[in-house]
Each structure stands twice: as structure tokens, then as C-alpha cells.
């Protein structure tokens, strides 16, 4: 039986944004700002050491409006535009990923989360490696809805040095026993101010969790209310009124919060294999950005490992 394989999916924009705001404005001697690049790489290398993945890909937001913006114009409208010197660092990260032979995916009309969701759900079904474990590296909690028996989410907790690995058990611990696949329904009621997802006005986290646990889903909750079942009559009158008044808003919020797993992403898992890169070329880039402290943290390329192993075997014959 083949050993268990591991795929890492990098949420590029989320990590870059987190790194940019977590670190002081580090610049090269030429005045080139590289704090987000440094933070991204630091978290990436920490994750490589910890998880030792067999396969890696990276997903980025396409720089244009998505289907969510089309359906709800106020989606993420409260977010201030990030500084230009943050966006200027994204191509630098992509350059390094390219030299590491890590594929970058982005698709017009979708967010990186949708690409991540699609690949994380499709990869185990490829049946090349039925026990494939997927770990999503990210800077926010949106991806927790993707956690299942095959998928974990590694979320930056503080700065770029602390992160939490979420499996199904840990998600339930954080959300009072709510399963990962119920988080979209939870957010449909609770909303999410960071993305300007309205939810149902006046419904807080505790009430939202309680309702989804009691009625199992948003659809079933409203079905019971519309049929005026005995169970629905147990809902607090004030809460019930809010649910009825903001029903449309709840379902729009669910659409906004749900990560799509049907993006037009086709792939062969073997093409994500990690380790085929030139250490010398990566070292050159690190030196250009003056990342001397990161050079020694870079794992040895697969080819170089094989060469070293071959040399050792040849020496042992003498």
C-alpha cells in the first residue's frame, strides 16, 4: 500500500495581505519594499518544514470583480483599498513560486477561495492517491467550511510566526460543536462584517449557532417557519420576526459566504509535485531581496537529494 501523500494549497492573497500588515516596512538597500514577500516566504518555509508536502499549488484572486460582486454590489465594499506597495509585491511572490515550479491558479470571476475549494474537493477523487491529505495555508478563517476528513486548514493566528491547524474536531471546538459544513449557514445568519456580508440584522453568533444546530440548515429553518411547525414556534418571537423580515438577505448572505467548488479548474495531481527546482536560482532571488536569513531554511530540491543519495550509495561500494 502506498504511503499517504500530502497536498498543500496556498491562499496567496490572504497570506500576502497578512504578512504586509504584520511586518514593518522592510526594504532592500535600493529602497524596494519586500515585507510582504518576506512574510509570505517565512510562513511558506515554516509550513514546508512542518508538513513536508508531496504536492503544492498556489491560488490567487483574479484582479477583477467576481460573480459575488455582480450579484451583490456591496460585497467587500467596506474594505479600504490596499496600498499600491502591497500589490507591487504580488508579482515578486509569483516569480519565486514560478522558480520553485509551483503552479499558480487564478480565474476570472472567481476568488482564490473558489479555486482552493474546487481543487481540495476534486483532488481526493482523482483516486491516484485515495488517502491524499490536503492542507490549506491561509490568513483567514473563510476556508474552515472546506474542512473534512481529507482537508485541514492551517491559519495564521498572530503575525507570521503563529498558526493553528484546524481539523473537524478543532472547528467544532471553536464553533460550539458546529460542523465545518454548517459554517456557511451560520454565516448566512450571523453575517461577516469583514466581507460586508449582511446576514440577518440583530442575529448574533450565539443565536446563529443555536438555530443551525436546532434546525440543521438554513433551508430547513425557513421551511419550518413557513409551515409554522410546532418546532418553529419555539423560536423567540423577536428572533422569528427578524428571520422573516430579512429572509432574502439571509439567502443572499449564504450565496456570498459559500466557497464554490465548481470553478473551471482542470489539473493532474502529479503536475503539482514539489521539489523540482534549482536551489541556486532561488538563492539568487533571495540574495536580490536580501533574505539572507531564509536561504538556509530552503529545503533541498528533490533532484539534489537523489544525487546525494546516489553518491552515498556509490561510496558505500568501495
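The values are calculated or read from the model by the stated rules, or taken from the named source; none is laboratory data. In this text the structure is predicted, and so the values were computed from the model without any measurement. All Cβ positions, glycine included, derive from the backbone under ideal geometry; neighbour counts span all protein chains shown.
Based on this model, can you work out whether residue 205 counts as in contact (Cβ under 8 Å) with a residue 60 or more places away in the chain and in contact with a helix residue (DSSP H, G or I) (Cβ under 7 Å, 6 or more places away or on another chain)? The answer is no for residue 205.
Quick check on residue 259: is it under 28 Å from residue 69 (Cα atoms) and surrounded by fewer than 19 Cβ atoms within 10 Å (Cβ to Cβ)? Answer is no for this residue.
Is it true that some residue in region 113-121 is in the same structural domain as residue 48 (by TED's automatic domain parsing), over 30 Å from residue 222 (Cα atoms), part of a strand (DSSP E or B) and touching a strand residue (DSSP E or B) at 6+ places or on another chain (Cβ under 9 Å)? No - not one qualifying residue is present in region 113-121.
Yes/no matrix, rows are residues, columns are (1) in contact with a helix residue (DSSP H, G or I) (Cβ under 9 Å, 6 or more places away or on another chain); (2) free of Cβ contacts under 8 Å to residues at least 60 places away in the same chain; (3) in the same structural domain as residue 266 (by TED's automatic domain parsing):
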| site | (1), (2), (3) |
| --- | --- |
| 46 | no, no, yes |
| 54 | yes, no, yes |
| 68 | yes, no, yes |
| 84 | no, yes, yes |
| 103 | yes, no, yes |
| 106 | yes, yes, yes |
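Condition check: surrounded by fewer than 17 Cβ atoms within 10 Å (Cβ to Cβ), more than 23 Å from residue 255 (Cβ to Cβ), modelled with pLDDT of 95 or more and not assigned by TED's automatic domain parsing to the domain that holds residue 22. Does residue 223 satisfy that? No, not satisfied. For region 83-98, the criterion of a residue being over 19 Å from residue 286 (Cα atoms), in a loop (DSSP other than H, G, I, E, B) and over 16 Å from the mean Cα position of the chain (by Cα) is satisfied by at least one position. In region 70-82, how many are free of Cβ contacts under 8 Å to residues at least 40 places away in the same chain and assigned to a helix (DSSP H, G or I)? So the answer is 1. Remark: pairs (first residue in region 255-269, assigned by TED's automatic domain parsing to the domain that holds residue 69; second residue loosely packed, with under 15 Cβ neighbours inside 10 Å and not in a helix (DSSP H, G or I); Cβ separation under 7 Å; 6+ apart in sequence or on different chains) = 269/128.
What about residue 269, is it surrounded by 12 or more Cβ atoms within 10 Å (Cβ to Cβ) and more than 21 Å from residue 8 (Cα to Cα)? Lay out the reasoning, then the answer.
Details: surrounded by 12 or more Cβ atoms within 10 Å (Cβ to Cβ): yes; more than 21 Å from residue 8 (Cα to Cα): no.
Criteria not met by residue 269.
On the basis of being in the same structural domain as residue 137 (by TED's automatic domain parsing), surrounded by 15 or more Cβ atoms within 10 Å (Cβ to Cβ) and free of Cβ contacts under 8 Å to residues at least 60 places away in the same chain, does residue 35 make the cut? The answer is yes for residue 35. Residues in region 300-318 that are closer than 27 Å to residue 119 by Cα and either modelled with pLDDT of 85 or more or part of a helix (DSSP H, G or I) (or both) were compared, and the one that is nearest to the chain's Cα centre (by Cα) is 302.
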